[in-house]
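Engineer: This structure is in structure tokens; I'll ask about it shortly.
The values are calculated or read from the model by the stated rules, or taken from the named source; none is laboratory data. It should be emphasised that the depicted structure is a prediction, and the values quoted were computed from it without experimental measurement. Positions of Cβ are backbone-derived with ideal geometry, glycine not excepted, and every protein chain shown enters the neighbour counts. Note: areas computed on protein heavy atoms with side chains; ligands, DNA, RNA excluded. Shrake-Rupley method; radii C 1.70, N 1.55, O 1.52, S 1.80 Å.
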Amino acid sequence: MKYFSTRGSEQVLSFEQAVLTGLAPNGGLYIPTNIPSLPSNWETEWANYSFTELSHAILSLYISPDEISPADLKQLIEKSYSTFRHPEVTPTKRIVRENGGKEEEIFVLELWHGPTFAFKDVALQFLGNLFEFFLKRKNAALAEGGRQVKEEEKHKLTVVGATSGDTGSAAIYGLRGKENVSIFILYPLGRVSPIQEAQMTTVPDANVHTVAVKGTFDDCQDIVKALFSDHEFNAHHKLGAVNSINWARILAQIVYYFSAYFSVKRQATTPALQFVVPTGNFGDVLAGYYAKRMGVPMSHLGIGTNENDILSRFWKTGRYEKVASNVMVEDDSEEAVGAMAPVGGSTDGSQAGPGVKATLSPAMDILVSSNFERLLWYLAYESESGEGEARRKAACATVDGWMSKVKSDGRVVLPTSVLEVARRDFVAERISDEQTLDTIRKYFTSKSTPYVVDPHTAVGLAAAEAIASTPSVSPSTSPTQIVLSTAHPAKFSEAVNEALANSPGFDFESQVLPVEFKGLLEKQKRVIEVPRPEIELVKGVIEKVARKETTTTEVGGDASL
């Protein structure tokens, strides 16, 4: 299996090259040259596989044994998921939705049983082990024949990422202590929750560096993109990506769609299934698209967005635009400045900036969905005529044109024919903060199956209910819905407490707070503060650390610029 950029290039990469490169030099995202077919007997052969066995079967379809042997891949997978608290890794939980006096069966796919209690652990535990595996192999090749390899000759990787909270901690826990890997995570100072910040800044491993930037998440993400685009800096420091632009993250997430399919099929009363995914950057639901294309039987993939609804607006209008045309705001306007403030004093970490509304589900507060470009490529490919390489190149050129429009104009309007193809596989719903709070209350106060969810999962549950009541999506059947639960509710305590403060019998500490979080806020922190969102300041941090001229220090005597 080979990989190429969504924006076109003569270069076709191996899996290892695609993973270590992360973002294509032309700004595109790597995708496989083809989506593999499943074995004819997969439904019977894989039905009772464990999560690690399923991972091995699925990942082997995308990774050539010439690159990673079956035995090595098995070892990597087992190592990655040995860190999870649940034996099923991503278990499903059956709950009941009360709808108009009726009880409806629904399943929640719990993706937060990893080290940082977030779905991103599923991919980032694997990606961290992949990075280490590839680098060790490269360095072993240098030492063949007993040659003494100098430290400066070794293959190393400097991982740089931006986070709105969960990606940073999951990446750090995936890469902490890894040989020949340094990781720098940028986050907006004061705009992530205390728990999220503590998970990142209390990790003592010497290869971990947290950088608090005085600015927004978009500022942090812009700096990371600029670092990757600086060819000289990138080549010197050998930058690697952990954000969901890295193909390995999407690949690892495909597995839990198969796992949930087999689990729910054993329990559901209705055989038809539908996945509903709360999403901002589109990576989690994109993995479901690959699973669907591979052959997992499912109806439309449901997308739940919060009030930052670039995705739901696209499925309604065909316009992919950063801000809805009728509510465009100027950067210095009163409305834009107001959007910067946390919602209701929330400490869950507003990521909002101009054009982005701060919500109770901050991980989904985005302007542009990074992974949507991968889906756009498949939509473009279906709209092109021709065969083989010529058709692939035409699709790449189309995507390059679309993304150029988004960059220059903030929007692109896709042809109606393309929108119709998109609607074949997806349906999207926008969920407000009020609906989010109501949904948290609804499932906690359920008489049948009381259940506490975080605000992002609540967006998914509310979207699922809205989709279930839309006859045009599934006119002849009522599929059993599986909602992806992306984070433990304790990670978003403000929203959960706001929703349930007046609910009889609710006690956050005894019912929600994991033992792993107790005392976390009191631990010593290591963080470097950057006073302005300027790329040169962040470059300076990385270069100083690389030269071992500075290290992070405890809060109270922080390393600052």
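Engineer: Sort Ser244, Ser510 from largest to smallest accessible area, using a 1.4 Å probe on the heavy atoms of the protein chains.
Structural biologist: Numbers: Ser244 20, Ser510 90 Å².
If we order Ser244, Ser510 from most to least accessible, we get Ser510, Ser244.
Engineer: Please return the longest stretch of the chain lacking exposed loop sites, where GluC sites (Glu not before Pro) count only if DSSP places them in a loop and at most 11 other Cβ atoms lie within 10 Å.
Structural biologist: 11-329
Engineer: Give a quick list of trypsin sites (Lys or Arg not before Pro) in the range 92-151 that DSSP marks as loop, anything other than H, G, I, E or B, with at most 10 other Cβ atoms within 10 Å.
Structural biologist: Arg147, Lys150
Engineer: Check cross-link reach from Lys523 to the lysines: straight Cα distance under 27 Å, and skip same-chain residues fewer than eight apart.
Structural biologist: Within the straight-line limit of under 27 Å, Lys523 reaches these lysines: Lys120, Lys178, Lys214, Lys491, Lys544, Lys548.
Engineer: Still on this model: Calculate, for the chain, the solvent-accessible area per residue in square angstrom, rolling a 1.4 angstrom probe over the heavy atoms of the protein chains.
Structural biologist: Computed with neighbouring chains in place, this is 39 Å² per residue.
Engineer: Using +1 at the C-beta of Lys and Arg and -1 at the C-beta of Asp and Glu, which of Ala18, Gly100, Gln75 has the Cα lying farthest in the positive direction of the dipole of the range 1-101?
Structural biologist: The residue sitting most towards the positive pole is Gly100.
Engineer: Testing the spin-label approximation: label points 7 Å from Cα along Cα→Cβ at Ala235 and Val149. State their distance in nm.
Structural biologist: It works out to 2.2 nm between the two label points.
Engineer: If you take the alpha carbon radius of gyration of the range 154-282 and divide it by 2.2 N^0.38 Å, what ratio comes out, to two decimals?
Structural biologist: 1.26
Engineer: Using the Karplus curve 6.51 cos²θ - 1.76 cosθ + 1.60 with θ = phi - 60°, what ³J(HN,Hα) values do you get for each residue of the range 369-385, in whole Hz, with x for Gly and Pro?
Structural biologist: Values, residue by residue: 8, 4, 7, 4, 4, 5, 5, 4, 4, 5, 5, 5, 4, 5, 7, 8, 9 Hz.
Engineer: Using a 1.4 Å probe over the heavy atoms of the protein chains, calculate the carbon and sulfur portion of the accessible area of the range 189-255 as a whole percent. Each step should come with its number before you reach the end.
Structural biologist: Values: 1080 of 2030 Å².
Ligands and nucleic acids excluded, carbon and sulfur reach 53 percent.
Engineer: What is the range 116-220 by shape, rounded, prolate or oblate, if you read a ≥ b ≥ c off the alpha carbon gyration tensor as root eigenvalues and call it rounded for a/c under 1.5, prolate for a/b larger than b/c, and oblate otherwise?
Structural biologist: prolate
Engineer: How about Lys393: which lysines have a C-alpha closer than 20 Å to its C-alpha, ignoring those fewer than 8 places off in the same chain?
Structural biologist: Cα-Cα hits under 20 Å: Lys2, Lys405.
Engineer: Compute the distance in nm between two label points, each set 7 Å from the Cα along the Cα-to-Cβ direction, one at Thr44 and one at Val12.
Structural biologist: 3.5 nm
Engineer: Quick check: Cα centre of the range 160-180 to Cα centre of the range 436-506, how many Å?
Structural biologist: 29 Å
Engineer: For a quick size check, give me the Cα extents of the range 365-453 along its three principal axes, largest first, whole Å.
Structural biologist: Projected onto the principal axes, the Cα atoms of the range 365-453 cover 58, 29, 20 Å.
Engineer: Quick check: the distance between the Cα centres of the range 224-287 and the range 187-202, to the nearest angstrom?
Structural biologist: Measuring centre to centre over Cα atoms gives 23 Å.
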